[in-house]
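The values are calculated or read from the model by the stated rules, or taken from the named source; none is laboratory data. For clarity, every value in this text was computed on a predicted model and none was experimentally measured. FYI the Cβ positions are ideal-geometry reconstructions off the backbone, even for glycines, and counts take in every protein chain you see.
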Amino acid sequence: MRQVFVISLLYAVADMANTRLLKRVDLKVMLPLDKVISLHFRDKVKSDQYAYEIQWTGRELLEFCAKRIHATAGPVVPSGLTDDSAWKAIFPDKLSHAVDRSLEESTFDYVLRHTLMRPRDFQVHWKMIHDLSEGGVVTEDSLREGVRIGAERLATYYFDEWAGEFPFLPGILDLFRESASVFVYDSSFRDVLSSAVSLVNSYLEVEAVGSAIALPFRTAQKRNKNGCVMVTREFVLQLLYSVGFLGKLREGALVETESRVLEFASKKYSCWFYCYQKYPNISAGDTLVIHPIFYERYAIRPSEPLIVGPHH
């Protein structure tokens with residue numbers, strides 16, 4: 001029913017745009033990403049030609065934060081400050097790594113990598129940090145704890161966004177509980193994908209919706225002898241990447257030491273997540289990462305002392 005409503009909305013807007021009265025009116029429809037990915041209807045390809053995906057950059061999000069700071073902090077933050085200076089007027093400049101104190105990153109980057117690159121994610125973190133700081137000075141400890149709680153909240157909101165369209169998604173993500181934050185696509189990961197495929201296909205069969213449910217990534221599907229839609233490992237990969245759970249290490253960033261420990265010269269994992277790049281080819285041997293907002297919820301083991309986060 002939800003898909004029917006969204007599809008009807010798109011058709012209605014298209015009809016309105018073609019009427020003589022509204023020929024000169026620029027109509028825009030804002031739709032959540034999860035709804036767009038799950039849509040499948042006859043004119044989907046045609047409608048995609050007019051779709052534009054809003055992708056926030058780190059610089060744009062810093063500008064958004066600075067405007068919020070100027071609007072709410074009052075005399076604490078003088079007018080005319082640069083975006084970066086406005087941020088530093090409220091938050092500490094640097095944050096030491098929880099394990100390796102010699103490793104630092106800017107507090108903005110720290111908060112940024114615990115978001116899905118959306119303004120509302122920053123607002124969730126701000127609320128937690130503000131409450132822990134009791135409206136006073138923000139310390140490293142209050143910022144770190146606020147982001148930890150905020151990330152857990154974001155992971156919860158995440159299910160409200162996606163689980164309606166993909167009821168089997170929580171079960172897939174639970175397969176990653178207590179896994180490492182960074183891992184190689186090897187036989188063990190292939191086994192996890194196979195378990196996820198079995199989970200999804202069981203859902204499709206038990207719910208008796210395999211022949212009717214509209215799933216994305218058509219090229220990663222097949223049909224069984226009864227005509228039921230069945231998914232493949234490639235489907236699970238594309239799903240995990242598209243919903244922002246799984247990222248891929250950028251080529252050329254990896255350094256492998258003699259002790260076979262994966263690390264970077266900069267001690268940062270710079271990764272591709274969906275908010276930066278559409279689905280890249282993921283294959284055996286690639287290094288994959290789990291987004292930091294899921295660490296708390298799934299007891300993910302961070303690859304200390306490395307910093308895992310999206311490239312921006």
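Does any residue of the range 151-160 turn out to be in contact with a helix residue (DSSP H, G or I) (Cβ under 9 Å, 6 or more places away or on another chain), in a helix (DSSP H, G or I), closer than 30 Å to SER195 by Cα and hydroxyl-bearing (Ser, Thr, Tyr)? Scanning the range 151-160 turns up at least one residue that is in contact with a helix residue (DSSP H, G or I) (Cβ under 9 Å, 6 or more places away or on another chain), in a helix (DSSP H, G or I), closer than 30 Å to SER195 by Cα and hydroxyl-bearing (Ser, Thr, Tyr). Does at least one position in the range 70-83 carry a residue that is surrounded by fewer than 17 Cβ atoms within 10 Å (Cβ to Cβ), touching a Leu at 6+ places or on another chain (Cβ under 9 Å) and at pLDDT 80 or above? No, the range 70-83 contains no residue that is surrounded by fewer than 17 Cβ atoms within 10 Å (Cβ to Cβ), touching a Leu at 6+ places or on another chain (Cβ under 9 Å) and at pLDDT 80 or above.
Against the criterion of being closer than 22 Å to PHE294 by Cβ, at pLDDT 90 or above and either buried (at least 16 other Cβ atoms within 10 Å of the Cβ) or among the β-branched types (Val, Ile, Thr) (or both), VAL111 qualifies.
Taking the range 283-300, which residues are of a type in the set (Gly, Ala, Ser) and either modelled with pLDDT under 90 or crowded, with 19+ Cβ neighbours inside 10 Å (or both)?
Within the range 283-300, the first condition is being of a type in the set (Gly, Ala, Ser), and the residues that meet it are 283-285, 299.
Across the range 283-300, the qualifying residues are SER283, ALA284, GLY285.
Evaluated against (1) among the acidic types (Asp, Glu); (2) under 24 Å from ASP84 (Cβ atoms); (3) crowded, with 19+ Cβ neighbours inside 10 Å, GLU104 falls short on exactly one condition, (3).
Against the definition (surrounded by 15 or more Cβ atoms within 10 Å (Cβ to Cβ) and at pLDDT 90 or above), how does ARG144 come out, yes or no? Against the criterion (surrounded by 15 or more Cβ atoms within 10 Å (Cβ to Cβ) and at pLDDT 90 or above), ARG144 qualifies. If you filter the range 114-141 down to residues that are charged (D, E, K, R) and closer than 22 Å to TYR157 by Cβ, you find that the one that is surrounded by the most Cβ atoms within 10 Å (Cβ to Cβ) is ASP121.
Against the conditions (1) surrounded by 15 or more Cβ atoms within 10 Å (Cβ to Cβ); (2) of a type in the set (Asp, Glu); (3) within 20 Å of ARG297 (Cβ to Cβ), ASP174 satisfies every one except (1).
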